[in-house]
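Chemist: Input: one structure, supplied below.
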Amino acid sequence: MTDASAPTPIGSGARQGKHATSLYAEDARTKKRNAAEKRFQAYGIAAISIGIFFLVVLLVSIVRSGIPAFTQTFIEVPVYLDAAKLDKNGNRDPDDLRKVSTFGYAPLIDNAIFAAVQDAGLTTEFEKAKDMRAMISASAPAQLRDYVLANPSEIGKTVEFKILASSRVDGYMKGRVTRESVARDKNIDAAHFDLIDQLVETGDVERTFNWDFITGADASESRPEQAGIGVSMIGSFFMMLVVLCLSLPIGVAASIYLEEFAPKNRFTDLIEVNISNLAAVPSIVFGILGLAVFIQFAHLPQSAPLVGGLVLTLMTLPTIIISTRASLKAVPPSIRDAALGVGASKMQAVFHHVLPLAAPGILTGTIIGLAQALGETAPLLLIGMVGYIATNVPDGIAAGFLSPNSSMPAQIYEWSKRADPAYYERAWGGIIILLLFLMTMNIIAIILRRRFERRW
Amino acid sequence: MYDTPNASADVAAKATKISAKNVQVYYGDTHAIKDVDVEIQDKMVTAFIGPSGCGKSTFLRCLNRMNDTIDVCRVEGDINLDGENIYDPKVDPVQLRAKVGMVFQKPNPFPKSIYDNIAYGPRIHGLAKNKAELDEIVEKSLRRGAIWEEVKDRLHAPGTGLSGGQQQRLCIARAVATEPEVLLMDEPCSALDPIATAQVEELIDELRENYSVVIVTHSMQQAARVSQKTAFFHLGNLVEFGETGQIFTNPEDPRTESYITGRIG
Ligand SMILES: Nc1ncnc2c1ncn2[C@@H]1O[C@H](COP(=O)(O)OP(=O)(O)OP(=O)(O)O)[C@@H](O)[C@H]1O
Ligand SMILES: [Mg+2]
């Protein structure tokens, strides 16, 4: 490369002697090198841009499809609680009141809406109060009944109610349902929408924020307007509690033993390989294992968050063990030497010096493991946490663990399977909530890492 | 006060603190220490010298069983501390290390405050009955580590925030805080400037009054300055062991001579 025959002093290249170059001009090699570097950076930027593009598309479509689930249409109407229908004996005896089923309440709502329509002088082709039924949710009579059972003294009076509109009406308000799309729908007519338009003008129909979606329970196939994710959120919460309480201590103890105390031999090598393998096992395998072991063998209750939590613990353990071992490994061995050197026992060295330094890594790993478990659906399919309609808030802690429930991702999966397009919207809404949880957990993990890492 | 401690007159009188016989150390298949016999006397400084990789650190770490922490390491032979075999199955290495303290080649303070660095050993060994006593131990140890003046105003600052040389003196202070009987020092001055080195050497000289000190060093001058006895290692063998003055002025083995005159290394 350099001219060997020229007696140049060591260190000064041939190029200096022959054609003196300016520092301002790039020579061919530098040009090539810089071009390669620029190209590489361009590839990187392109890759990141593509990634960001898809992320944005994903987020936008999730938000656009899911946001409508957070609002719901209500019809505000004064309902006359007819004593003749609700309490024939007239003595307000709770047992008698209870005998009137929701079928007894539905006509009251029909009448109330019909009366409101006529009072306001709205034009409509409907002549019977019963025709109003299509606009209200099938859950509305139950809402009325619950109110009456709780306040028997209101019977005979007229009370303002905010009644849940049917999912078709809600869909119409949100633009999901149009007059054309209901042309062959026997549940509702385009004429109902004409009426709704007028009721919106009068302020009797409005869309408001839907707390029930966040706090409520799942509903049957035909009442998407009533369904909420709250109960399955509780299911997820109890599962996460099980996962945290089992996988953190077991995982950390196992990692400390393996990393700091266990002799390095064939057997521990085998364990190590198997833990790594476990982390890669498809989650559905854990599900079938859980089904066989916890339900069929140990006879734990089906669909219970306890079982779900146990299965997810199996899944999370390898993640926690691997991250804990990695953070224990990252603690410089000189710290252990220092502790042993002043006469600390191995256990003191680990617990006084190594573990505090590894803690942020352990916590991060745990939170990420939990986040993974929170979003896991497949294993829950097999232990019956999907397809179960979680309509009841568990009463008490024990019931929270043992009574059948669903979980957020399982609920989302369930909704996405249902035929009514209103459920599709709920599924997206559920995904938004799930993502918010996951994001919160990851942010906590990042904050913890920032706060504790390199504190010294 | 700082006399040249090579006066050979006081060598013979001292009692044997550690006696090693026939020591072999293997790292897996590598034979790192071959047939080493050494007698380390009480209240005296013994220096280990030799070219890099000859096994000085390895042998030093045998003396407080730090090699136990290395899985592949195997130690054979007898090492006695005050006549008791430290590799006896009945011996708890933790108890041994409380008696035989160690300062490592690289400064390794705990990522805790300066105070806690020093107080840790006394705390786990229950050397202080109360906070006042602990404070006293910390101050005394930091003074002996020749670092008190520099850190007395920031005892609660992290020990890892000190400079390399300060960290090493902190580690020395930490080692003396537990009142060991023997102090093993593996190149304690390799990270220090000449002033700090002089301070540490002075410290070693003081420590000699109460302890038996073993120091590994690459500096012939240092070995000559601080030690009364010197052991020269070469390729895992103990080539020559004797009074420092004699080793440096009149070595018996040609390998020792070529090393100290700078021909192997
Ligand atoms: N943990 C270990 N595993 C395997 N071999 C080791 C280990 N530690 C040291 N050795 C080997 O043992 C021999 C002696 O090493 P040692 O660290 O005792 O040398 P040293 O005399 O202290 O050298 P230096 O002056 O560079 O510190 C070397 O050949 C080294 O490669
Ligand atoms: Mg060494």
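The values are calculated or read from the model by the stated rules, or taken from the named source; none is laboratory data. Being a predicted model, the structure only gives us computed values, none of them experimental. A quick note on method: Cβ atoms are made from the backbone with ideal geometry, for glycine too, and the neighbour counts reach across all protein chains shown. Ligands, DNA and RNA are excluded from the accessible area calculation, which covers all protein heavy atoms including side chains. Shrake-Rupley method; radii C 1.70, N 1.55, O 1.52, S 1.80 Å.
Chemist: Provide the percentage of antiparallel DSSP beta bridges, counting only those with both residues in the protein assembly as shown; round to the nearest 5.
Modeler: In the protein assembly as shown, approximately 70 percent of DSSP beta bridges are antiparallel ones.
Chemist: Using a probe of 1.4 angstrom, how much of the accessible area of segment A:69-209 is carbon and sulfur, in percent?
Modeler: Of the solvent-accessible surface of segment A:69-209, carbon and sulfur hold 49 percent.
Chemist: For A:Lys329, A:Lys38, B:Lys112, what's the largest-to-smallest order of accessible area, 1.4 Å probe?
Modeler: Descending accessible area places them as A:Lys38, A:Lys329, B:Lys112.
Chemist: Okay, moving on. Compare each residue of segment A:414-456 in its chain alone against the assembly with all protein chains, and report those whose accessible area goes down by 50 Å² or more; 1.4 Å probe, heavy atoms.
Modeler: When all protein chains are present, A:Trp456 each give up 50 Å² or more of accessible surface.
Chemist: Short version: ³J(HN,Hα) in whole Hz for each residue of segment A:160-166, in order, from phi by Karplus 6.51 cos²θ - 1.76 cosθ + 1.60 (θ = phi - 60°), x for Gly and Pro, what are they?
Modeler: Taking θ as phi minus 60°, the curve returns 6, 10, 9, 9, 5, 7, 5 Hz for segment A:160-166.
Chemist: To continue, here is another question. So how much accessible area does A:Asp27 have, in Å² to the nearest 10, using a 1.4 Å probe?
Modeler: Counting only protein heavy atoms, the figure is 50 Å².
Chemist: Across all directions of projection, what mean area in square nanometres is found for the Cα convex hull of segment A:359-444?
Modeler: Over every viewing direction, the Cα hull of segment A:359-444 projects on average to 6.7 nm².
Chemist: Pairs of Cα atoms under 8 Å, at least six residues apart: use those to get the relative contact order of chain A, whole percent.
Modeler: About 17 percent, as a whole number.
Chemist: Could you rank the peptides B:199-206, A:287-294, B:42-49 by their average count of other C-beta atoms within 10 Å per residue, with the highest value first?
Modeler: B:42-49, B:199-206, A:287-294
Chemist: Express the accessible area of chain A per residue in Å², computed with a 1.4 Å probe while the remaining protein chains stay in the model.
Modeler: 53
Chemist: Right, something else. How shielded is A:333-340 by partner chains, expressed as the average number of their Cβ atoms within 10 Å of its Cβ atoms?
Modeler: Per residue, the number of nearby Cβ atoms from other chains is 6 on average.
Chemist: Now for a separate question. If you take the alpha carbon radius of gyration of segment B:179-265 and divide it by 2.2 N^0.38 Å, what ratio comes out, to two decimals?
Modeler: Ratio of Cα Rg to 2.2 N^0.38 Å: 1.11.
Chemist: Still on this model: Sorted from largest down, give the three principal axis spans of the alpha carbons of segment A:230-454, whole angstrom values.
Modeler: Answer, in whole Å and largest first: 69, 40, 32 Å.
Chemist: So what is the relative contact order for segment A:69-209, in percent, with contacts set as C-alpha pairs under 8 Å and at least six apart?
Modeler: Relative contact order here is 40 percent.
Chemist: Let me have the relative contact order for segment A:179-325, percent, based on Cα pairs under 8 Å that are six or more residues apart.
Modeler: Relative contact order, segment A:179-325: 24 percent.
Chemist: Give the calculated FRET efficiency between A:Glu26 and B:Lys131 to the nearest 0.05, with a Förster radius of 56 Å applied to their Cβ-Cβ distance.
Modeler: With R0 = 56 Å, the Cβ-Cβ based efficiency is 0.25.
Chemist: Still on this structure: From largest accessible area down, sort A:Val386, A:Val393; use a 1.4 Å probe on the protein chains.
Modeler: A:Val393, A:Val386
Chemist: Follow-up. What does the convex hull of the Cα atoms come to per residue for segment A:219-308, in Å³?
Modeler: With only Cα atoms used, segment A:219-308 gives 135 Å³ per residue.
Chemist: Roughly what would the spin-label model give for A:Leu270 and A:Tyr43, points 7 Å off Cα along C-beta, in nm?
Modeler: Simple spin-label model gives 4.3 nm for this pair.
Chemist: Segment A:354-411 to segment B:46-103: how many Å between their Cα centroids?
Modeler: Taking the Cα centre of segment B:46-103 as reference, the centre of segment A:354-411 is 51 Å away.
Chemist: Follow-up question, since we're still on this one. For a quick protection proxy, order the peptides A:332-341, A:371-380, A:230-239 by their average other-Cβ count within 10 Å, most packed first.
Modeler: A:230-239, A:371-380, A:332-341
Chemist: Further question: With all protein chains present, calculate the accessible area of A:Thr440 using a 1.4 Å probe and round the result to the nearest 10 Å².
Modeler: 70
Chemist: I need the fraction of alpha carbon pairs in segment A:69-209 separated by more than 20 Å, rounded to a whole percent.
Modeler: 47
Chemist: Using the Kirkwood formula on the Cα atoms of segment A:161-280, what hydrodynamic radius do you get, in angstrom to one decimal?
Modeler: 19.5
Chemist: Could you compute how much accessible surface A:Arg176 exposes when probed at 1.4 Å, giving the result in Å² to the nearest 10?
Modeler: 70
Chemist: Select from segment A:151-256 those GluC sites (Glu not before Pro) which occupy a DSSP coil region and have at most 13 other Cβ atoms within 10 Å, ordered by residue number.
Modeler: A:Glu180, A:Glu221
Chemist: Moving to a separate point now. Picking from B:Thr261, A:Gly203, A:Ala349, whose Cα lies most toward the positive end of the charge dipole for the protein assembly as shown (charges on Cβ: Lys, Arg +1; Asp, Glu -1)?
Modeler: Checked the options; the winner is B:Thr261.
Chemist: Let me confirm one metric for peptide B:94-107, namely the mean number of other chain beta-carbon atoms within 10 Å of its residues' beta-carbons.
Modeler: Mean inter-chain Cβ contacts per residue within 10 Å come to 3.
Chemist: Still on this structure: Determine the alpha carbon to alpha carbon distance for each of B:Lys34/B:Lys229; B:Lys106/B:Lys152; A:Lys264/B:Lys56; A:Lys130/A:Lys186 and list only those over 18 Å.
Modeler: Pairs exceeding the cut-off: B:Lys34/B:Lys229; B:Lys106/B:Lys152; A:Lys264/B:Lys56.
Chemist: Here is a further query. On alpha-carbon atoms, Rg over Rh for segment A:48-101 using Kirkwood Rh?
Modeler: When Rh is taken as the Kirkwood radius, the ratio is 1.57.
Chemist: On to the next question. Please express the Cα-Cα pair-distance distribution P(r) of chain B as a list of whole percents, one per 10 Å bin, running from 0 to the bin with the greatest distance.
Modeler: Taking every Cα pair in chain B, the percentages come to 7, 30, 36, 22, 5, 0.
Chemist: In addition: Per the Debye formula with a single identical scatterer at each Cα and no solvent contribution, what log10 I(q)/I(0) holds for chain A at q = 0.07 Å⁻¹?
Modeler: Values returned for q = 0.07 Å⁻¹ are -0.59.
Chemist: Still on this structure: With the full set of protein chains in place, find how many percent of the accessible area of chain B is carbon and sulfur; take the probe as 1.4 Å.
Modeler: 48
Chemist: Ordering B:Thr249, B:Thr30, A:Thr366 from largest to smallest accessible area (1.4 angstrom probe), what's the sequence?
Modeler: Listed by decreasing accessible area, they come as B:Thr249, B:Thr30, A:Thr366.
Chemist: At each listed q (0.12, 0.14, 0.18, 0.20 Å⁻¹), what is the log10 of I(q)/I(0) that the Debye formula gives for segment B:90-220 modelled as equal alpha-carbon point scatterers?
Modeler: Debye output, listed in q order: -0.41, -0.56, -0.95, -1.17.
Chemist: Additional query: Inside 10 Å of the C-beta atoms of B:111-124, what's the mean count of C-beta atoms belonging to other chains?
Modeler: 3
Chemist: Okay, next question. Nearest 100 Å², what total accessible surface is buried between chain A and chain B (probe 1.4 Å)?
Modeler: That pair of chains buries around 1800 Å² in total.
Chemist: Please list the non-local residues whose amide H lies under 5 Å from the amide H of B:His234, H modeled 1.01 Å from N, same-chain partners needing a gap of 5 or more.
Modeler: Correct list: B:Val239.
Chemist: List the trypsin sites (Lys or Arg not before Pro) in segment A:366-456 that DSSP assigns to loop (not H, G, I, E or B) and whose Cβ has at most 14 other Cβ atoms within 10 Å. Which are they?
Modeler: A:Arg454, A:Arg455
Chemist: Considering only the other residues whose Cβ falls under 13 Å of the Cβ of B:Lys56, what net charge follows from Lys and Arg at +1 and Asp and Glu at -1?
Modeler: Around B:Lys56, the charge tally is -1.
Chemist: Among the residues of segment B:162-178, which ones have their accessible area go down by 20 Å² or more when all the protein chains sit together, as opposed to their chain alone (1.4 Å probe)?
Modeler: Residues losing area: B:Arg174.
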